[in-house]
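A.B. asks: Before I ask anything, let me first share the structure, which is written out below as structure tokens.
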Amino acid sequence: MQGGTGNFAPVLAQEASTVFVVGPLCWLTIYAMWTRRSAVRELSQLAASVMHMQSVLLYFGAELLAREPSCRPEPQYFYMYFVGANLPWLVVPLVLATSSVTRMRAQMAIARAAEKTHTL
């Protein structure tokens with residue numbers, strides 16, 4: 001492999017985990033949405049989102065620390081291609097992870113309130 005990533009093995013390992021772990025988690029999330037299984041949806045969505053963000057951060061780090069970056073050095077390529085094309089893969093999972101955490105906290109508060117009323 002030429003260019004940007006320097007050490008190919010970590011990036012290949014990350015891509016393999018994306019294909020074999022994150023992909024099925026995304027399908028599980030879609031299934032849980034379809035069948036209205038909220039707990040499964042929130043957990044799988046959170047796990048997939050965190051793994052997506054970690055993958056993008058690894059890609060950014062590998063590219064920025066590489067001796068010979070694969071991205072062209074001109075600002076328009078760097079910001080439009082490298083940052084612009086990859087930023088949605090960081091922002092969307094961040095929004096989804098935040099949403100999952102917010103919903104799980106709300107559901108836990110409801111469960112705690114119900115538990116208190118049952119124990120009185």
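A.B. asks: Check Tyr31 against each of (1) out of contact with any Ser or Thr (no Cβ under 9 Å at 6 or more places or on another chain); (2) open to solvent by 80 Å² or more (accessible area, probe 1.4 Å); (3) hydroxyl-bearing (Ser, Thr, Tyr) and name the one condition it does not meet.
C.D. replies: With (1) out of contact with any Ser or Thr (no Cβ under 9 Å at 6 or more places or on another chain); (2) open to solvent by 80 Å² or more (accessible area, probe 1.4 Å); (3) hydroxyl-bearing (Ser, Thr, Tyr) applied to Tyr31, the lone miss is (1).
A.B. asks: Can you name the residue in segment 74-98 that is in a helix (DSSP H, G or I) and farther than 26 Å from Glu15 by Cβ and is also modelled with the lowest pLDDT among such residues? It would help to see each step written out before you state the result.
C.D. replies: Of the residues in segment 74-98, the ones in a helix (DSSP H, G or I) are 75-86, 88-98.
Pick out the ones that are also farther than 26 Å from Glu15 by Cβ and you get 75-76.
On the way: Pro75: 86, Gln76: 89.
So, considering only residues that are in a helix (DSSP H, G or I) and farther than 26 Å from Glu15 by Cβ, the one modelled with the lowest pLDDT is Pro75.
A.B. asks: Within segment 72-90, count every residue that is without any contact (Cβ under 8 Å) to a residue 24 or more places away in the chain, within 18 Å of the chain's Cα centre (by Cα) and open to solvent by less than 70 Å² (accessible area, probe 1.4 Å).
C.D. replies: So the first thing to find is which residues in segment 72-90 are without any contact (Cβ under 8 Å) to a residue 24 or more places away in the chain, and the list is 72-85, 87-88.
In the following step, the residues that additionally are within 18 Å of the chain's Cα centre (by Cα) were identified as 82-85, 87-88.
Retained after the next criterion (residues that are open to solvent by less than 70 Å² (accessible area, probe 1.4 Å)): 82-85, 88.
Selection size over segment 72-90: 5.
A.B. asks: I would also like to ask the following. List, please: which pairs have Cβ atoms under 7 Å, are six or more places apart or on different chains, and start with a residue in segment 59-70 that is farther than 15 Å from Leu12 by Cα and end with one that is in a helix (DSSP H, G or I) and among the acidic types (Asp, Glu)?
C.D. replies: Going by the 7 Å Cβ cut-off, the qualifying pairs are Pro69/Glu63; Ser70/Glu63.
A.B. asks: Ala114 passes all but one of (1) assigned to a helix (DSSP H, G or I); (2) open to solvent by 60 Å² or more (accessible area, probe 1.4 Å); (3) modelled with pLDDT under 95; which number fails?
C.D. replies: Tallying (1) assigned to a helix (DSSP H, G or I); (2) open to solvent by 60 Å² or more (accessible area, probe 1.4 Å); (3) modelled with pLDDT under 95, Ala114 fails exactly one: (2).
A.B. asks: Give me a count of the residues in segment 37-50 that are within 15 Å of the chain's Cα centre (by Cα) and surrounded by fewer than 19 Cβ atoms within 10 Å (Cβ to Cβ). Steps first, answer last, please.
C.D. replies: So in segment 37-50, the residues within 15 Å of the chain's Cα centre (by Cα) come out as 41-50.
Then drop every residue that is not surrounded by fewer than 19 Cβ atoms within 10 Å (Cβ to Cβ), which leaves 43, 47, 50.
Matching residues across segment 37-50 total 3.
The values are calculated or read from the model by the stated rules, or taken from the named source; none is laboratory data. Keep in mind that this is a model prediction, so the values were computed, not measured. Methodologically, a virtual Cβ is constructed for each residue, glycine included, from the backbone with ideal geometry; neighbour enumeration extends over all protein chains shown. Surface accessibility is based on the protein's heavy atoms, side chains included, excluding ligands, DNA and RNA. Shrake-Rupley method; radii C 1.70, N 1.55, O 1.52, S 1.80 Å.
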